[in-house]
Amino acid sequence: MIPAAPHPIQPRRWQQAWREAIRDPHELLAALGLETLASRVPDTAATGFALRVPRGFVARMRHGDPDDPLLRQVLPLDAELRPAPGFELDAVGDAAARAGRGLICKYRGRALLVATGSCAINCRYCFRRHFPYAEETAAAAGWREAVDAIAADTGIDEVILSGGDPLSLATSKLAELTDALAGIAHLRRLRIHTRLPVVLPERVDDEFVSWLVGLPWPVTVVIHANHAREFDADVDAAMARLRAAGATLLNQAVLLRGVNDSVDALADLCERGFEAGVLPYYLHQLDRVAGAAHFEVDEARALALHAALRVRLSGYLVPRLVREVAGDASKRPLQG
Ligand SMILES: *Cc1c(COP(=O)(O)O)cnc(C)c1O
Ligand code: SF4
């Protein structure tokens with residue numbers, strides 16, 4: 001018999017889509033017929049946070065609309081460079097809550113793993129845009145430091161994979177972590193905070209679904225979508241696959257000026273997510289991170305929008321409006 005020739009290693013389809021993301025603001029503007037905006041777009045070297053957006057997400061933007069809510073989330077604008085008092089590098093006190101390499105323990109029972117610094121998309125309002133990822137990712141050194149710290153603390157019953165985006169890692173890398181965690185008797189739940197099923201739905205492939213199905217804990221996937229138009233047929237299919245694998249699906253959104261700061265936009269988001277099988281979880285007040293001041297919605301307006309949303313929607317479709325305050329024992333609810 002002739003032995004089979006070794007297969008060249010094929011990149012996964014999602015990894016290919018990942019690599020093909022648009023990184024040049026001028027290419028993005030040209031794809032949308034918005035070349036005239038170029039003068040408002042700074043050199044991203046100046047902002048210290050590159051543009052990055054998958055082509056599938058760009059396809060959901062409206063051609064020729066400079067105010068498109070999806071575009072606004074990713075396009076660097078010169079407004080980022082304006083100094084804004086009170087907007088800081090570590091807006092949420094992550095540095096103070098560090099419990100080991102890439103491990104943040106702020107709230108009772110929950111250990112949040114900064115699995116990786118990578119993301120398929122760079123959201124301009126990202127509260128971790130200045131996080132020192134190079135030293136602080138849990139996946140480095142084979143997860144050992146993080147796994148040991150979780151094993152040593154019997155008060156931890158839930159591990160949250162976060163980032164960056166934990167689904168940036170190969171499924172084999174995630175399996176390496178969950179294999180190590182599976183031996184820890186006090187863990188009862190696993191949670192994954194990820195935007196990838198929305199911005200790069202290809203990521204929810206067969207290999208990923210098999211990993212999910214095989215996990216020994218109930219799994220919650222908290223996705224991140226800020227606008228109804230982030231959902232399309234591919235995202236619906238990814239959500240259906242996650243649900244079929246047994247995951248509970250929740251959405252956290254950030255209240256963003258010019259993106260979703262109207263009752264209609266928020267109601268559409270909650271209803272559209274529900275059609276995809278996702279319940280609203282949190283609506284976050286923006287973390288006051290340097291470079292994001294132009295996205296802020298002041299608290300009085302946030303409360304008014306939320307109050308109107310409660311009147312408009314079924315109770316289970318209303319997300320909790322919260323702000324993260326460094327030193328608090330939970331997210332702080334804002335209620336009018
Ligand atoms: C938001 C957050 C959590 C999760 O909080 P929940 O209210 O349970 O969703 C856990 N750890 C850290 C560090 C967080 O920032
Ligand atoms: S997906 Fe989340 S972590 Fe990644 S850039 Fe956007 S807000 Fe930041």
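Things worth noting here:
- Pairs meeting the criteria (first residue in segment 273-289 and on the phi < 0 side of the Ramachandran plot, second residue within 15 Å of ligand 2 (Cβ to nearest atom) and of a type in the set (Val, Ile, Thr), beta carbons under 7 Å, at least 6 apart or on different chains) are Ala276/Val235; Val278/Ile223; Tyr281/Val222; His284/Val254; Leu286/Val254; Asp287/Val92.
- Looking across segment 79-97, just one residue is in contact with a strand residue (DSSP E or B) (Cβ under 6 Å, 6 or more places away or on another chain) and more than 16 Å from ligand 2 (Cβ to nearest atom), and that is Ala97.
Every residue, every condition in (1) touching a residue at least 12 places away in the same chain (Cβ under 8 Å); (2) away from ligand 2 (no atom under 13 Å from the Cβ); (3) among the aromatic types (Phe, Trp, Tyr), yes or no:
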{"position": "Gly100", "(1), (2), (3)": "yes, yes, no"}
{"position": "Tyr107", "(1), (2), (3)": "yes, yes, yes"}
{"position": "Ala115", "(1), (2), (3)": "yes, no, no"}
{"position": "Ala141", "(1), (2), (3)": "yes, yes, no"}
{"position": "Leu177", "(1), (2), (3)": "yes, yes, no"}
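- Flag if Gln10 is without any contact (Cβ under 8 Å) to a residue 24 or more places away in the chain, assigned to a helix (DSSP H, G or I), surrounded by fewer than 19 Cβ atoms within 10 Å (Cβ to Cβ) and not hydroxyl-bearing (Ser, Thr, Tyr): no
- Residue among Asp78, Asp157 that is among the charged types (D, E, K, R) and either surrounded by 19 or more Cβ atoms within 10 Å (Cβ to Cβ) or more than 14 Å from ligand 1 (Cβ to nearest atom) (or both): Asp78
- Failed item in (1) within 16 Å of ligand 1 (Cβ to nearest atom); (2) part of a helix (DSSP H, G or I); (3) among the hydrophobic types (A, V, I, L, M, F, W, C), with Leu303 passing the rest: (1)
- Residue check: Ala265 meets all listed conditions (1) in contact with a His (Cβ under 7 Å, 6 or more places away or on another chain); (2) farther than 30 Å from Leu81 by Cβ but one, namely (2).
- Helices (runs of 4 or more DSSP H) lying entirely in segment 172-255 (those with 2 or more residues that are more than 15 Å from ligand 1 (Cβ to nearest atom) and of a type in the set (D, E, K, R)): 206-213, 233-244
- The residues in segment 258-295 that are in a loop (DSSP other than H, G, I, E, B), of a type in the set (A, V, I, L, M, F, W, C) and closer than 23 Å to Arg124 by Cβ can be counted, and the count is 4.
- A residue that is over 17 Å from the mean Cα position of the chain (by Cα) and outside any loop (DSSP other than H, G, I, E, B) occurs nowhere in segment 113-125.
Each reported figure results from applying straightforward, stated rules to the coordinates on display, with no laboratory input. The structure presented is a predicted model; accordingly, all values stated were derived computationally and were not measured. Every residue, glycine as well, gets a Cβ built from its backbone with ideal geometry; the counts of neighbours run over all protein chains shown.
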